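Shown next, in structure tokens, is the structure this report addresses.
What follows is calculated from the coordinates using simple rules that are stated; it is not laboratory data. The structure displayed is predicted, hence computed values, not measured ones. All Cβ positions, glycine included, derive from the backbone under ideal geometry; neighbour counts span all protein chains shown.
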Amino acid sequence: MPAFSSLMDELRYNIERNRDALAAALRRSPNMAYQKVNELTLFVGSRHNVDLQLHFPAPGKITDIGSYGTENIGIVVDKFRKTFPVPREMVKQKAIELLGSDARPHDAYMYEGKEGVKVVLPDGRIEVLPGSVHFWCTIDDKVRSYADWLVENVYFPDKKT
């Protein structure tokens, strides 16, 4: 199983295994639920050598435990990496190829020798940087496929099998 899919499956597994604890923490305080889910993401991310983060851009989303690990996810591999190990055009082309014609990739975050790509989707966006990727969208099969390609070719190209 590709690395991103494996990471997401493990995260969802851990969230489901801890669903009761998350619900109990949520009843006490949204902050407690946030801390508990961050413990889970820290654990799962460390097993994959990444900094895994769940984001809650809308305050009410913290109460939707079922959505944890399915949207608004950040993965930091190397916060100091400034350039892609593959041509940026390839990152954009793969977005269209794997996400479909609705995906609109374009250059973004291009300053101080850094490069990046923002992929605008009908219902969100993906911010692809050389050392991290942030999914401000629902992680469906197409997004998983693109993320698996990114992990294999951009973030961990030396671990290709």
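When the chain is modelled as a GNM with alpha-carbon springs shorter than 10 Å, which of 86, 44, 119 fluctuates the most?
Of 86, 44, 119, the Gaussian network model singles out 86 as fluctuating most.
Taking R0 as 22 Å, what FRET efficiency do you get between residue 16 and residue 63 from their Cβ-Cβ distance, rounded to the nearest 0.05?
Once the sixth-power term is evaluated, E becomes 0.85.
Express in nm, to one decimal, how much length is gained between residue 93 and residue 141 on full extension, taking 0.36 nm for each residue of separation and deducting their alpha carbon distance.
15.5 nm
State the Cα centre-to-centre distance between the stretch 109-125 and the stretch 51-88 in whole Å.
14
Step through the residues of the stretch 114-124 one at a time and calculate ³J(HN,Hα) from phi using the Karplus curve (6.51 cos²θ - 1.76 cosθ + 1.60, θ = phi - 60°), rounding each to whole Hz and writing x for Gly and Pro.
Result, rounded to whole Hz: 9, 9, x, 9, 10, 10, 8, 10, x, 10, x.
For residue 72, which sequence-distant residues (separation of 5 or more, or a different chain) have an amide H within less than 5 Å of its own amide H, given hydrogens modelled in the peptide plane?
137
Report ³J(HN,Hα) in whole Hz for each residue of the stretch 100-108, in order, from the Karplus equation J = 6.51 cos²θ - 1.76 cosθ + 1.60 where θ = phi - 60°; Gly and Pro get x.
Calculated HN-Hα couplings, in order: x, 5, 6, 6, 10, x, 8, 4, 7 Hz.
May I ask you to list the lysines whose Cα is less than 21 Å away from that of residue 82, ignoring any residue fewer than eight positions away on the same chain?
Those lysines meeting the cut-off are 92, 94, 114, 118, 159.
Tell me the label only: which of [x] 114; [y] 98; [z] 138 is volume of the Cα convex hull per residue in Å³ as calculated from this structure?
Recomputing volume of the Cα convex hull per residue in Å³ here gives the entry labelled [x].
Compute the helix-to-body angle for 141-150: its Cα long axis versus the longest principal axis of the chain, expressed 0 to 90° and rounded to tens.
60
How about the stretch 73-137: which chymotrypsin sites (Phe, Trp or Tyr not before Pro) there are in a DSSP loop, with at most 15 other Cβ atoms within 10 Å of their Cβ?
Filter output for the stretch 73-137: 80, 109, 111.
Who wins for biggest fluctuation among 65, 15, 73 in a Gaussian network model of the chain, springs between alpha carbons below 10 Å?
Per the Cα network of the chain with a 10 Å cutoff, 65 tops the list.
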